[in-house]
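S.K.: Here you go, one structure.
The values are calculated or read from the model by the stated rules, or taken from the named source; none is laboratory data. Predicted, not measured: the structure shown is a model, and the values here were computed from it. We place every Cβ from the backbone using ideal geometry, glycine too, and count neighbours over all the protein chains shown. Surface areas here come from the heavy atoms of the whole protein model, side chains and all, with no ligands, DNA or RNA. Shrake-Rupley method; radii C 1.70, N 1.55, O 1.52, S 1.80 Å.
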Amino acid sequence: MTPTEKYTLLRGRVLDFHSRPEGEADTAAYRYIEDGAILMKDGKIKAVGAYCDVAAKATDAAVTDHRPNLLMAGFIDTHVHFPQVQVIASWGSQLLDWLNNYTFPEETRFESPVHCEAMAGHFYDLLLSHGTTTAVSFCSVHTASVDAYFSEAARRNMCMIGGKVMMDRNAPDALTDTPVSGYDNSKALIDKWHGKGRAHYAITPRFAITSTPEQMEMAGALVAEHPECFVQTHLSENHDEIAFTAELYPQAPDYLGVYESYGLLTPKTLLGHSIHLQPREIEVLAETQAKPVFCPTSNLFLGSGLFDDAGLRSKNIQNAIATDIGAGTSYSMLQTLNEGYKVLQLQNQKLHPLQAFHWITRGNAEVLGLADRIGTLEVGTDADIVVLNSRATPAMDLRMQCAETLSEELFVLQMLGDDRAIAETYVAGKAMKHTSGKTALAEGATRRLVSETA
Ligand code: GUN
Ligand code: FE
């Protein structure tokens, strides 16, 4: 073994999932090893098991002892907006006003490649400090935002999915493309980035309101020409949005019917929100295997509504879960589960903590069709790993003194955890939380605050 090919061994309590658990007694659905180890080399997982067995196989491995922390697959965020890192926590409006008043003006700043690069640095620092190793992101309409997004991901060797939003109406002029330029630029970006390293492209018509039928048609052509790519958009988030969509597409039977008629629904299609669905739309989701994405912190923040997880699952529809930054209010998938739990409680639906952690790892990986690479700790997969400290804060420590089961511990992490509970994040075998070269906040980057009374 040469020094550059050295094995690394992580010691800790190992947890990953084979399928969605019914509960703690469903031990066939998950693997938990109290004194466990993960052996890594060349960015891949080479062995997993009891520490004594794995250590015996690699006696000269560099050992990092993470006990008593938990080792799990890195978290996956399936819907986020990279150009909204400075939109998060903007007060007072629901979807359409929020887009017009806060989001669109902010996204115009991504015309500048320098701004894109600076924000990409912050975006990835934030993902990694919150334990997220893969995300699916909307970039802005500008190709420079996609270049910055994938360049920075490549620099950190992260498995990232994303694409340029296509939008040719109902937005400021500075933020619109045309059916032809949206198509041409997306195609050039697919050629440039899809399959390069760990990058995957997502064809991204923003939503029905901001695309003309001509643009939808071109987006459909791209999907047909590039079945290897993901597709992402928004669906039935807000009642005013749904009514406006019906005005713009009067021939469509319903909102999903718009995307359906342009050939945008495939098993690789991610539909952010999917809250207020008609029975026909649910049937179409089941038929096409397009995937609804639950964005709980965003749905509460914008007052959008309650996602019917159990109703969709009862039709064998696989749901993803995501932050939806900047309408979402936390980068943390733990906090996303916290709010998700409460959204489901309001509908008398139960989310067991083992199901919750399955969802943000293997569950989301399966929705993306990437469970053979990410989302588990299986041998041969990419070594994207998160290290969780269940006693990271005084409140967590106090509660943990009375926790007796793994499920209880996971629930403490889910309800009380955030970036403080992420002890380390490994990307392709490399520790990144503390060492990824954090992007410095540019001097003077904070805009002068204007007093509300001035
Ligand atoms: N619908 C269209 N664009 C957006 C967006 O940026 N955020 C959310 N939450 N919904 C959208
Ligand atoms: Fe969104």
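S.K.: Calculate, for LYS315 and GLU34, the FRET efficiency according to 1/(1 + (r/R0)^6) with r their C-beta to C-beta distance and R0 30 Å; round to the nearest 0.05.
M.R.: Between LYS315 and GLU34 the formula returns 0.20.
S.K.: Another question about this same structure. If you line up the long axis of helix 213-225 against the longest principal axis of the chain, both from Cα atoms, how many degrees apart are they, to the nearest 10?
M.R.: Orientation of helix 213-225: about 40 degrees from the principal axis.
S.K.: When Lys and Arg each count +1 and Asp and Glu each count -1, what net charge do the other residues less than 15 Å away from ALA224, Cβ to Cβ, add up to? Please report the intermediate quantities before stating the final value.
M.R.: Details: positive: LYS187, LYS268; negative: GLU217, GLU225, GLU228, GLU260.
Every neighbour counted, the sum reads -2.
S.K.: Oh, and also: Please identify which residues in the range 241-268 have an amide N closer than 15 Å to a label point set 7 Å out from the Cα of GLU283, following the Cα→Cβ vector.
M.R.: 253-257
S.K.: If you don't mind, there's one more thing I want to ask. Among DSSP bridges having both ends in the chain, what percentage is antiparallel? Round to the nearest 5.
M.R.: Numbers: 26 of 57 bridges.
So the antiparallel bridges amount to about 45 percent of the total.
S.K.: How much of ARG362 can a 1.4 Å solvent probe reach, expressed as accessible area in Å² and rounded to 10?
M.R.: About 40 Å², ignoring ligands and nucleic acids.
S.K.: Okay, next question. Given only helices, namely DSSP H runs of n ≥ 4 each adding -39500 (n - 2.57), what is the per-residue ellipticity at 222 nm of the chain, to the nearest 500 deg cm²/dmol?
M.R.: Rounded to the nearest 500, it is -9500 deg cm²/dmol.
S.K.: Does anyone have the angle between helix 113-129 and the longest principal axis of the chain? Alpha-carbon axes, 0 to 90°, nearest 10?
M.R.: Tilt of helix 113-129: around 40 degrees.
S.K.: Sticking with this structure for a sec: Could you give the longest part of the chain that holds none of the GluC sites (Glu not before Pro) found in DSSP loops with at most 13 neighbouring Cβ atoms within 10 Å?
M.R.: My reading of the result: 23-227 is the longest stretch.
S.K.: I want to check the label-to-label distance for VAL63 and ASP240. Put each point 7 Å from Cα in the C-beta direction and report it in nm to one decimal.
M.R.: Reported label-point gap for VAL63 and ASP240 is 6.0 nm.
S.K.: Once each part is reduced to its C-alpha centroid, what is the distance from the range 171-208 to the range 229-281 in angstrom?
M.R.: Answer, in whole Å: 19.
S.K.: Here is a follow-up. Rank-order 252-259, 317-324 by packing density, defined as the average count of other C-beta atoms within 10 Å over each peptide's residues, highest first.
M.R.: Taking the mean over residues of other Cβ atoms within 10 Å, the ranking is 317-324, 252-259.
S.K.: Can you give the FRET efficiency for GLN345 and SER181, using 1/(1 + (r/R0)^6), R0 = 56 Å, r = Cβ-Cβ distance, to the nearest 0.05?
M.R.: 0.75
S.K.: Under a point spin-label approximation (7 Å from Cα along Cα-to-Cβ), what is the ALA224-THR27 distance to one decimal in nm?
M.R.: My value for the distance between the label points is 5.4 nm.
S.K.: Extension gain ALA56-GLU408, at 0.36 nm per residue separation less the Cα-Cα distance, in nm? If you can, show how the numbers build up before the last one.
M.R.: Values: separation 352, 0.36 × 352 = 126.72 nm, distance 3.23 nm.
That works out to 123.5 nm of additional length.
S.K.: Another question about this same structure. Taking the chain as the reference, fit the longest principal axis to its C-alpha atoms, fit the long axis of helix 179-193 to the helix C-alpha atoms, and give the angle between the two in degrees, 0 to 90, nearest 10.
M.R.: The angle comes out at about 20 degrees.
S.K.: Something else now. If you build the Cα gyration tensor of the chain and take the root of 5 times each eigenvalue, what three semi-axes come out, in whole angstrom, biggest first?
M.R.: In descending order, the three semi-axes are 35, 24, 22 Å.
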